[in-house]
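Reviewing the structure listed below.
The values are calculated or read from the model by the stated rules, or taken from the named source; none is laboratory data. Remember, it's a predicted structure, so these values are computed and weren't measured experimentally. Note: ideal-geometry Cβ built from the backbone for every residue, glycine included; neighbour counts use all protein chains shown.
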Amino acid sequence: MIWNEAERLPRKELEKLQLERLKKIVEWVYNRVPFYRKKFDEAGVKPEDIKHLQDIQKLPFTTKDDLRDNYPFGMFAVDLEDVVRVHASSGTTGKPTVVGYTKNDIELWAEVMARTLAAAGVTKKDIVQNAYGYGLFTGGLGVHYGAEKLGATVVPMSGGNTQKQVMLMKDFGSTVLACTPSYSLNIYEVAKEMGVDIKELPLRVGVFGAEPWSENMRREIESKMGIDAIDIYGLSEIIGPGVASECIEAKEGLHVFENHFLVEIINPETGEVLPYGEKGELVFTTLTKEAFPLIRYRTRDISWLNPEPCKCGRTTVRMARVTGRTDDMLIIRGVNVFPSQIEHILLEYEGLSPHYLIIVDRKGALDTMEIQIEVTEEIFSDEIKKLEWLAKKIENDIKDLIGVSAEVKLVEPKTIERSMGKAKRVIDKRKI
Ligand code: DLL
């Protein structure tokens, strides 16, 4: 369902709107945020230099380090008294990244989240079980406000308490599950242990995001749970969830909400803007946010853009699912490896579960990679020889397809830690 006509504007009209908004936001930050004034001055660019959309390329990028340097509120473009909410993303090192919202920003966020849910086929008749974490993380409250705006019934479960998730899903007849893809599988397994088959429940759609997942993972979730699994994308810095999302009609790329977020793809090494279709780092500019506008924010997420109109009727550009980040790319003996590539290979096999862990280490001068993957009960009770053969076969596939040798260890069911939110797939002991 199309929630807002902005989603199917003719491109010319959309670009006109984007240019108007870009001019305004550039002026807004130049006049209100010392950080931007300084950066624009250093780059020799003034707000009035923005005459065409392409002129955005004259503006400098903003990075995570810039946000850290201005911790906690230094990048806010309004007085703190006009900020009605803050969120923060944890980050792996040091201080969190803090973001702020005015009343209008919260309304905007509810709007893009209502669109996200509508694109996933959710309507006011649905019961949305929201198992994204509530709190500083943007997932919980983001989905919450969007679902309410849509008029659906929200069950604000937050993450964790998995048995209760199953009980309420069954008792309330939840039709939509919102959580990370890895947590959905955790819920599925606990349900099974409790003797509940999710396939038999009214659940019909999952809105999954906040971590990378592969097409094979989608297939696995859809067939196990008997639902449509929809990929939703966003990041706290830009707004939270609600930056881009798939439509249930096509499930072929995520529609970027371009009337609010201007998207570019750049070469992460040179910063050069790449044409449609080429893979690179996603860069977003917020066009309408008040408290925490961002200009050309480097996400470190890797994707590519497809401008073809979609069969669902939306005219917005679609981004390919994010399969990795420039900073979670592993370099193993000089070869670039993304955990999602490994996931894709693992899930080609019958009898392997979607629970795996990649352990990277260094022995002498050599990087080593061990992949632990759980097998199903049936496979686990097979003879050792068969298991060894299977592990060898996966090792060969990884060598052939990614070009790096790994040691594959098939482990007992339920030995790899389950996640309630973003799954931890990699332990890199080299950094410690
Ligand atoms: O994860 C916002 C969110 C909440 C998105 C709920 C979707 C659903 P952060 O904690 O700031 O915000 O983390 C943002 O998570 O830069 C990506 O690397 C990753 N990410 C988010 N969605 C996806 C996705 C939220 N669908 C970071 N696929 C982003 C792959 C994703 N990675």
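Things worth noting here:
- The residues of region 362-408 that are surrounded by 14 or more Cβ atoms within 10 Å (Cβ to Cβ) and among the β-branched types (V, I, T), listed by number, are T368, I371, I373, V375, I379, I394, I398, I402, V404, V408.
- Close pairs from region 191-214: first under 26 Å from K424 (Cβ atoms), partner of a type in the set (D, E, K, R) and more than 8 Å from the ligand (Cβ to nearest atom), Cβ under 6 Å, at least 6 apart: S214/E343
- Every listed requirement among (1) within 16 Å of the ligand (Cβ to nearest atom); (2) surrounded by fewer than 22 Cβ atoms within 10 Å (Cβ to Cβ); (3) on the phi < 0 side of the Ramachandran plot is met by R300 save one, (3).
- Counting only strands (runs of 3 or more DSSP E) that sit completely within region 297-399, those holding 2 or more residues that are farther than 30 Å from D65 by Cα and in contact with a strand residue (DSSP E or B) (Cβ under 7 Å, 6 or more places away or on another chain) correspond to 352-363, 366-375.
- Of the candidates I248, I221, I198, I230, the single residue that is assigned by TED's automatic domain parsing to the domain that holds A147 and touching a Leu at 6+ places or on another chain (Cβ under 8 Å) is I221.
- Looking across region 169-182 at every residue that is part of a helix (DSSP H, G or I) and surrounded by fewer than 22 Cβ atoms within 10 Å (Cβ to Cβ), the one that is nearest to the ligand (Cβ to nearest atom) is identified as F172.
- Evaluated against (1) over 17 Å from the mean Cα position of the chain (by Cα); (2) without any contact (Cβ under 8 Å) to a residue 40 or more places away in the chain; (3) over 28 Å from S405 (Cβ atoms), W304 falls short on exactly one condition, (1).
- Residue check, G74 surrounded by fewer than 22 Cβ atoms within 10 Å (Cβ to Cβ), modelled with pLDDT of 95 or more and over 20 Å from M1 (Cβ atoms): yes
- Subset of region 84-101 [within 30 Å of E5 (Cβ to Cβ) and surrounded by fewer than 20 Cβ atoms within 10 Å (Cβ to Cβ)]: V84, R85
- Per-region count, region 128-144, residues surrounded by fewer than 20 Cβ atoms within 10 Å (Cβ to Cβ) and on the phi < 0 side of the Ramachandran plot: 2
- Taking every residue in region 140-151 that is within 16 Å of the ligand (Cβ to nearest atom) and pairing it with any residue that is part of a helix (DSSP H, G or I) and among the hydroxyl-bearing types (S, T, Y), at least 6 positions away or on another chain, the pairs with Cβ-Cβ distances below 8 Å are G146/T116.
- Test: residue in region 159-168 that is closer than 13 Å to M420 by Cβ and among the β-branched types (V, I, T): yes
Conditions tested, residue by residue: (1) part of a strand (DSSP E or B); (2) away from the ligand (no atom under 15 Å from the Cβ); (3) crowded, with 24+ Cβ neighbours inside 10 Å.
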{"residue": "Y188", "(1), (2), (3)": "no, yes, no"}
{"residue": "P202", "(1), (2), (3)": "no, yes, no"}
{"residue": "E211", "(1), (2), (3)": "no, no, no"}
{"residue": "K224", "(1), (2), (3)": "no, yes, no"}
{"residue": "G242", "(1), (2), (3)": "yes, no, yes"}
{"residue": "N259", "(1), (2), (3)": "no, yes, no"}
{"residue": "A291", "(1), (2), (3)": "no, yes, yes"}
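- Residue in region 355-372 that is among the β-branched types (V, I, T), touching an Asp or Glu at 6+ places or on another chain (Cβ under 8 Å) and under 30 Å from E264 (Cβ atoms) present: no
- Residue that is surrounded by the fewest Cβ atoms within 10 Å (Cβ to Cβ), among those in region 1-14 that are within 25 Å of the chain's Cα centre (by Cα) and not in a loop (DSSP other than H, G, I, E, B): E5
- So E252, is it among the acidic types (D, E), in contact with an Asp or Glu (Cβ under 8 Å, 6 or more places away or on another chain), modelled with pLDDT of 95 or more and within 14 Å of the ligand (Cβ to nearest atom): no
- Of all residues in region 226-237, exactly one satisfies the criterion of being within 10 Å of the ligand (Cβ to nearest atom), in a loop (DSSP other than H, G, I, E, B) and either closer than 14 Å to C179 by Cβ or not charged (D, E, K, R) (or both), namely S236.
- The set of residues from region 95-132 being of a type outside the set (D, E, K, R) and away from the ligand (no atom under 15 Å from the Cβ) comprises T102, N104, I106, L108, A118, G121, T123, I127.
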